[in-house]
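For reference, the structure is listed below as structure tokens.
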DNA sequence: ATTTTTTAGTTGCATACGCAACTTCTCTTC
DNA sequence: GAAGAGAAGTTGCGTATGCAACTAAAAAAT
């Protein structure tokens with residue numbers, strides 16, 4: 001493994017990608033805050049639950065999906081549970097496992113946040129992309145995501 | 001301004017872009033930490049100074065370039081100054097202004113971090129992109145960055 | 001020329017997050 | 001089946017960061 005060769009184009013692509021991300025992200029967060037809504041990290045976690053079968057996930061699965069450390073997720077779930085947006089349920093089959101289960105109130109919050117989030121994506125991101133560019137991004141980052149997943153799996157498999 | 005129309009492709013592009021970013025970012029930060037080096041935010045700030053004429057910038061310019069709030073930048077500069085990576089100089093022409101000036105030690109740190117950073121970009125980002133995709137990303141995000149800059153300027157200009 | 005407004009930067013406070021240590025439970029090994 | 005290894009979550013602690021309030025300096029208004 002020695003791919004430290006980095007063509008100028010790819011480096012420039014990284015720079016643009018990197019700074020754009022922070023600006024877009026900050027703009028969307030600002031829109032949410034201006035609308036009196038919680039931040040994207042709440043949305044991410046609730047949405048992953050929404051997608052999951054029976055709207056429930058183990059804590060560590062949710063941590064991975066929501067791009068958080070396990071401890072970070074514990075705190076986030078504490079807050080979400082306090083707001084009744086989800087519930088913790090102990091798993092009957094494995095006493096170590098906790099499940100986070102989305103509540104109706106959680107779904108309701110997703111429905112309130114989505115229009116603002118969608119508008120933010122449209123305004124700060126999508127409006128500036130051609131359809132071809134969007135497709136190119138999908139292709140590239142789908143592949144990239146798969147490769148990173150695989151790398152994680154490999155690391156786990158070779159201790 | 002009512003571009004809340006969001007085609008499915010563009011939404012999917014956002015999703016891929018968003019999760020990929022966090023994974024790549026976390027991987028690169030992990031590489032830096034594993035090498036005993038400071039985090040990307042230090043690199044970003046020092047590198048912006050490195051690029052600037054005479055290697056100096058006003059605090060608020062640096063904050064904008066380094067993607068931080070002004071208060072966040074104050075704390076960061078506190079730490080960088082404590083490590084002698086830069087110096088604060090009061091501006092003789094305007095008593096309110098402070099300049100951050102990169103030191104040789106700061107340049108040295110940039111030189112130490114860059115190989116690790118470059119390898120991270122290559123491994124976690126560039127290795128998975130074709131040349132055409134890199135070019136497409138440059139085009140798209142250059143345009144997007146310009147549009148966001150302009151939007152900032154507009155906001156400033158219409159109080 | 002004095003007052004008011006605006007700007008640049010800093011600080012108090014609150015929040016969000018990760019790492020490492022810990023607890024509890026399960027699985028493996030003998 | 002008891003002991004050790006491993007896994008899932010939680011908690012202590014340190015750090016990073018933003019917002020709002022503050023200070024100091026310059027610019028604008030009178």
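The values are calculated or read from the model by the stated rules, or taken from the named source; none is laboratory data. Please read all numbers here as calculations on a predicted model, not as lab measurements. Cβ placement follows ideal geometry from the backbone for every residue including glycine, while neighbour counts extend to all protein chains displayed.
Tabulated data for the structure shown
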{"item": "Near pairs, Cβ below 7 angstrom, 6+ apart or cross-chain, from segment A:87-106 (within 15 Å of residue A:53 (Cβ to Cβ)) to any residue that is in a loop (DSSP other than H, G, I, E, B) and within 12 Å of DNA strand D (Cβ to nearest atom)", "result": "A:91/A:97; A:99/A:91"}
{"item": "Index of the failed condition, residue A:125 passing every other in (1) within 16 Å of DNA strand C (Cβ to nearest atom); (2) under 26 Å from residue A:29 (Cβ atoms)", "result": "(1)"}
{"item": "Unique match (being away from DNA strand C (no atom under 13 Å from the Cβ) and touching a strand residue (DSSP E or B) at 6+ places or on another chain (Cβ under 7 Å)) among B:109, B:46", "result": "B:46"}
{"item": "Residue A:16 vs. criteria within 11 Å of DNA strand C (Cβ to nearest atom) and either more than 14 Å from the chain's Cα centre (by Cα) or outside the structural domain of residue A:93 (by TED's automatic domain parsing) (or both)", "result": "no"}
{"item": "Residue that is surrounded by the fewest Cβ atoms within 10 Å (Cβ to Cβ), among those in segment A:16-31 that are more than 18 Å from residue B:19 (Cβ to Cβ) and more than 9 Å from chain B (Cβ to nearest Cβ)", "result": "A:30"}
{"item": "Matching residues in segment B:28-61 - criterion: being touching a residue at least 24 places away in the same chain (Cβ under 8 Å), within 14 Å of DNA strand D (Cβ to nearest atom) and under 11 Å from the mean Cα position of the chain (by Cα)", "result": "B:40, B:41, B:42, B:43, B:45, B:46"}
{"item": "Residue match in segment B:96-103 (condition: under 25 Å from residue B:117 (Cα atoms) and either within 14 Å of DNA strand D (Cβ to nearest atom) or crowded, with 19+ Cβ neighbours inside 10 Å (or both))", "result": "yes"}
{"item": "So residue B:135, is it touching a strand residue (DSSP E or B) at 6+ places or on another chain (Cβ under 8 Å) and either at the interface with chain A (Cβ under 8 Å from one of its Cβ atoms) or more than 16 Å from residue A:138 (Cα to Cα) (or both)", "result": "no"}
{"item": "Test: residue in segment A:76-84 that is on the phi < 0 side of the Ramachandran plot and more than 12 Å from DNA strand C (Cβ to nearest atom)", "result": "yes"}
{"item": "Those residues of segment B:53-66 which are away from DNA strand C (no atom under 12 Å from the Cβ) and surrounded by fewer than 17 Cβ atoms within 10 Å (Cβ to Cβ), in sequence order", "result": "B:53, B:54"}
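Condition check ((1) surrounded by 17 or more Cβ atoms within 10 Å (Cβ to Cβ); (2) within 14 Å of another protein chain (Cβ to nearest Cβ)) across all residues:
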| site | (1), (2) |
| --- | --- |
| B:5 | no, yes |
| B:33 | no, yes |
| B:47 | yes, yes |
| B:51 | no, yes |
| B:68 | yes, yes |
| B:75 | no, no |
| B:90 | no, no |
